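Have a look at the structure below, then the notes.
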Amino acid sequence: MIARKELLFQFVLHLVVLLFYAFDRNDPGIDWPQVAFFTNYALASAFITYFLMPRLLYRKKYWLFFGAVLLVITGVIIIEELFLEKIFYPGTRKAENFPGIYFTLVDVLPVMAILSGFKFGWDALQKQEQIDELKNTVQESELQFLRSQINPHFLFNNLNNLYSYALEGSIKTPEIILELSSVLRYMLYECKEKFVPLTKEIEQLHNFIKLNKLQIEHRGTINFKTLHIHADYKIAPLILIVFIENAFKHSQSGQSKDIEIDIEVSMAGNKLQFKCINNHEATKGLDTVAQGIGLENVKKRLQLIYPDRHTLNIHEGPNSYEVRLTLELEKMNLA
């Protein structure tokens, strides 16, 4: 069934093509013979576009399609030469003599090519819209899947730490529960959108770092700096936090003191620059930052959300990891 929008498009297209087909500077106006000849071309083009193209061309039956089009054009020429010209121009040279296949095709093909070509273009646009919609659906599904992997990963690590503090009867246990509740609330409820305000994400990074600082206590130093953060920008949530989580995890594994983690988030124009450097002691059997599940997920999210708008560099040394990420951010829509 033809959609109303397409029907209107075809009506306007046929009207415009008819006006150009019938244009004659010496004899302005449209007469009945011109309407009849144009109708012959239009009906043939409609048969090609609405019958042959869906059944043959779009099903990759190319030879059958071109053969059928050749038969349709032959039929158009026969109707024009044997019927229409004899009806509208009886007894004239035009009705009695066949001008030749070349001159006939020059008269027939341009009109049919325009009418059929615009229909082909219309179908291509509709198909592209469907592809874009499907791509967006798949992208959103994959993002939801990746995000669902982040939350359990974070929760599992911190519940283990909380369990250890509870066994020790640490007075910091209530504070850890409070900070953990705040971060989880953000992860589960406040960042369901594709983008969140940059300032909100930075605030949660502060909470997350504070939560992990409680676990390190006096075993090292944690530096977190933010510079020139613009409040009117937005960012995809739960990206930066993965690198920070990895920094804490790898710094603490097998290392009881002298932990050093330097984190910096800054902006220059619309570009956000993130730096995270941490030391560590080599431990066998431990996933490196470049191999962790969380990092693989965040790489996929960066490709989905910021294609060609991000650079990620990870340098892994004998006793240190350095992550540098640059993102081209967009401003929030305040309308």
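Structure notes:
- ALA36 satisfies every condition listed in (1) in a loop (DSSP other than H, G, I, E, B); (2) under 22 Å from PHE20 (Cβ atoms); (3) modelled with pLDDT of 80 or more except (1).
- If you check GLU245, GLU175 for being farther than 17 Å from SER266 by Cα, in the same structural domain as GLN303 (by TED's automatic domain parsing) and touching a Gly at 6+ places or on another chain (Cβ under 7 Å), only one passes: GLU245.
- Among the residues of segment 157-203, the ones that are of a type outside the set (A, V, I, L, M) and under 41 Å from the mean Cα position of the chain (by Cα) come to 21 in all.
- Breaking point among (1) closer than 19 Å to ASP258 by Cα; (2) charged (D, E, K, R); (3) at pLDDT below 60, for GLU316: (3)
- Restricting attention to segment 210-232 and to residues that are assigned to a strand (DSSP E or B) and over 37 Å from the mean Cα position of the chain (by Cα), the residue that is nearest to LEU198 (Cα to Cα) turns out to be ILE222.
- Considering residues of segment 31-49 that are over 38 Å from the mean Cα position of the chain (by Cα) and not hydrophobic (A, V, I, L, M, F, W, C) only, the residue nearest to SER116 (Cα to Cα): TYR41
- Among the residues making up segment 192-207, those that are within 20 Å of MET267 (Cβ to Cβ), part of a helix (DSSP H, G or I) and without any contact (Cβ under 8 Å) to a residue 60 or more places away in the chain are THR199, LYS200, GLU201, GLU203, GLN204, HIS206.
- Subset of segment 127-186 that is at pLDDT below 80 and outside any helix (DSSP H, G or I) - its residue that is farthest from GLN215 (Cα to Cα): SER170
- Residue within segment 60-69 that is modelled with pLDDT of 85 or more and closer than 23 Å to LEU18 by Cα present: yes
The values are calculated or read from the model by the stated rules, or taken from the named source; none is laboratory data. This is a predicted model, so every value here is computed, not measured. Cβ: placed from backbone, ideal geometry, glycine included. Neighbour counts: every protein chain shown.
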